[in-house]
Amino acid sequence: MAHLSRSELDRGVVACSAGNHAQGVAKSAKMLNCNAVIVMPVATPTIKVNAVRMHGGPTVEVRLFGNNYDEAAAEAKRLQIEESMTMIHPFNDPLVIAGQGTIGMEILKSMVSHPLEYIFVCCGGGGMLAGIAAYVKRVRPNVKVIGVEAEDAAGMTESIRQGKVVTLDHVGLFADGAAVRTVGDETFRICSKLVDDMVTVDTDQICNAIKLSYDDARVILEPAGALAVAGMKKYIEEHGITGSTMVATTSGANMDFDRLRFVSERADASERMLAVTIPEIPGAFRKLYSLIWPRNVTEFSYRYECASSAKVLISFRPILNSENDFENVVRSLKENDLMCYDLSHNELAKDHVRHLAGGRAVVPNERLFRFDFPESPGALQKFLNALNMDWNVSLFHYRNHGDDFGRVLCGIQVNEQHDEILMHFLENLGYNYEEETNNPVYTTFLKGGNGRTN
């Protein structure tokens, strides 16, 4: 924008962006004292929209339009044509590419007299990737530049593969800052000549990269900002690379707080999920848990279905330093006649079924209780051992969310004549509990007809 003439600035500028570019244009407009319209997709996180307004001040208008970057870009193009505003393109402009290329200059300056083999760069429209590649390949051509895209928004990967600019049918919006259907023709020209390789990563890998970045540097990246870290990790694993010096660009921290719940749920790449069939008999839970112990169980969900067998959804973390530990657990379960199958990469299970497992069931004489117990290694096993009773467990739900207290929802089949014995058992169990048998949520969503009336 510093290269624009005064007359161009006086006509006002228009830009389209889902994040950082919008903030840069807004701040530049304020510094250069010109009007600006920033067009952002409707689904843009609130933290980004508010940041643009904060940086821009009264001369900057934020206009929310379209469901993705490309629809918002069409609106920005309309303003450029109909209102003679000057377009500040987020990636397909030589000056913008050069500006983003200064990141490459900073990286190489910090690595003078130090080995450097790889630079991983996140890619949406390709401006940063093109700029960094152009600088690095001129100064240190032996350094490999690797672009990283989300699997569901891999426009540059597909364009390079086909040898031409390709428009994707649709893009995913999890990494919204890099969700571009059509990369720039100039960025494609540069990247196709200078970029050594492209890597695509899925949502779980992005979430894991956000967690890794937080663990290492105590910063919370947005999904698009964590792409390069995710790609670097995947590239190392796929190619078995050791002893190399690598750099990953982290290009955004516009993370909405309400997204953290999803990121936390999907970030733990070590967590594995199984569907296990166990006999519907007292003690079957403890037997299942004993075959997984001492691994940390993070989820345990079950609902009574029939008198012969039970379906259990269980998640746990395999022992990291034990080779093929997950496979050993599966083999042990099957050797004990517990049929199971892996759900670790099943999107239906991870996104929906884990939250819906169970449902309404006809269970005579069922009582429902909530239990709290101090969360610590082996706490769930201790709780299950404490439930050593003759009554049948007809519902069980536990999920470790990192709280200081574990919370279990448990259904127990108890005849009316055993009420006094049950109360004595619960009082001596040693855990805080609350009966929920009359809770309308239970009667509406979990209890079928013909059960016990309370």
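The values are calculated or read from the model by the stated rules, or taken from the named source; none is laboratory data. All of these numbers come straight from a predicted model, not from anything done at the bench. FYI the Cβ positions are ideal-geometry reconstructions off the backbone, even for glycines, and counts take in every protein chain you see. Areas reflect the complete protein model, heavy atoms only, side chains present, ligands, DNA and RNA absent. Shrake-Rupley method; radii C 1.70, N 1.55, O 1.52, S 1.80 Å.
Only one of Gly231, Gly225, Gly252 is under 15 Å from Ala178 (Cβ atoms) and either in a strand (DSSP E or B) or touching a Phe, Trp or Tyr at 6+ places or on another chain (Cβ under 8 Å) (or both). Can you tell me which? Full working, then the answer.
Values: Gly225 fails: either in a strand (DSSP E or B) or touching a Phe, Trp or Tyr at 6+ places or on another chain (Cβ under 8 Å) (or both); Gly252 fails: either in a strand (DSSP E or B) or touching a Phe, Trp or Tyr at 6+ places or on another chain (Cβ under 8 Å) (or both).
Result of the check over Gly231, Gly225, Gly252: Gly231.
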Q. Filter the stretch 412-441 for residues that are touching a helix residue (DSSP H, G or I) at 6+ places or on another chain (Cβ under 9 Å) and part of a strand (DSSP E or B); which is farthest from Thr298 (Cα to Cα)?
A. Glu435
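Would you mind stating whether Ile190 is in contact with a Pro (Cβ under 7 Å, 6 or more places away or on another chain), within 23 Å of Tyr69 (Cβ to Cβ) and in a helix (DSSP H, G or I)?
Numbers: in contact with a Pro (Cβ under 7 Å, 6 or more places away or on another chain): no; within 23 Å of Tyr69 (Cβ to Cβ): yes; in a helix (DSSP H, G or I): yes.
When the stated conditions are applied, Ile190 does not pass them.
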Q | Qualifying positions in the stretch 109-137 - open to solvent by 10 Å² or more (accessible area, probe 1.4 Å) and more than 28 Å from the chain's Cα centre (by Cα) | A | Lys109, Ser110, Met111, Val112, Ser113, His114, Pro115, Glu117, Ala134, Tyr135, Lys137
Q. Take the residues of the stretch 46-61 that are surrounded by fewer than 22 Cβ atoms within 10 Å (Cβ to Cβ) and touching a residue at least 40 places away in the same chain (Cβ under 8 Å): which is farthest from the chain's Cα centre (by Cα)?
A. Ala51
Q. Which numbered condition trips up Glu238, out of (1) modelled with pLDDT of 85 or more; (2) exposed (fewer than 14 other Cβ atoms within 10 Å of the Cβ); (3) out of contact with any strand residue (DSSP E or B) (no Cβ under 9 Å at 6 or more places or on another chain)?
A. (3)
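Could you say which residue among Glu83, Glu117, Glu71, Glu149 is within 30 Å of Thr46 (Cβ to Cβ), of a type in the set (D, E, K, R) and at pLDDT 95 or above? Show your work before the answer.
Working: Glu83 fails: at pLDDT 95 or above; Glu117 fails: within 30 Å of Thr46 (Cβ to Cβ); Glu71 fails: at pLDDT 95 or above.
The unique qualifying residue is Glu149.
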Q.
Criterion first (within 13 Å of the chain's Cα centre (by Cα), closer than 30 Å to Gly163 by Cβ and not charged (D, E, K, R)) does Ala248 satisfy it?
A. no
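Give the residues of the stretch 293-311 that are assigned to a loop (DSSP other than H, G, I, E, B) and touching a helix residue (DSSP H, G or I) at 6+ places or on another chain (Cβ under 9 Å), sorted by residue number. Walk me through it before giving the result.
First, the residues of the stretch 293-311 that are assigned to a loop (DSSP other than H, G, I, E, B): 293-295, 304-308.
Listed by number, the residues that qualify are Trp293, Pro294, Arg295.
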**Q.** Evaluation of Leu79 against (1) within 30 Å of Gly172 (Cα to Cα); (2) hydrophobic (A, V, I, L, M, F, W, C); (3) touching a residue at least 60 places away in the same chain (Cβ under 8 Å); (4) open to solvent by 10 Å² or more (accessible area, probe 1.4 Å) (one fails), failing number
**A.** (4)
Q: Could you grab me the full set of residues in the stretch 193-220 that are assigned to a loop (DSSP other than H, G, I, E, B) and modelled with pLDDT of 95 or more?
A: Val195, Asp196
Q) Does Ile292 qualify as being surrounded by 16 or more Cβ atoms within 10 Å (Cβ to Cβ) and modelled with pLDDT of 85 or more? A) yes
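Among the listed residues Asp337, Asp390, Asp351, which satisfies the condition of being free of Cβ contacts under 8 Å to residues at least 40 places away in the same chain, surrounded by fewer than 19 Cβ atoms within 10 Å (Cβ to Cβ) and assigned to a loop (DSSP other than H, G, I, E, B)?
Numbers: Asp390 fails: free of Cβ contacts under 8 Å to residues at least 40 places away in the same chain; Asp351 fails: assigned to a loop (DSSP other than H, G, I, E, B).
Just one listed residue meets the conditions, Asp337.
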Q) Residues of the stretch 242-275 being more than 14 Å from Lys211 (Cβ to Cβ), of a type outside the set (Gly, Ala, Ser) and surrounded by 14 or more Cβ atoms within 10 Å (Cβ to Cβ), which ones? A) Met246, Val247, Thr249, Asn254, Arg272, Met273, Leu274
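Can you pull out the residues in the stretch 113-141 that are free of Cβ contacts under 8 Å to residues at least 60 places away in the same chain and either assigned to a helix (DSSP H, G or I) or touching an Asp or Glu at 6+ places or on another chain (Cβ under 8 Å) (or both)? Step through it out loud before you land on a result.
Applying the first criterion (free of Cβ contacts under 8 Å to residues at least 60 places away in the same chain) to the stretch 113-141 yields 113, 131, 135-141.
Selection gives Gly131, Tyr135, Val136, Lys137, Arg138, Val139.
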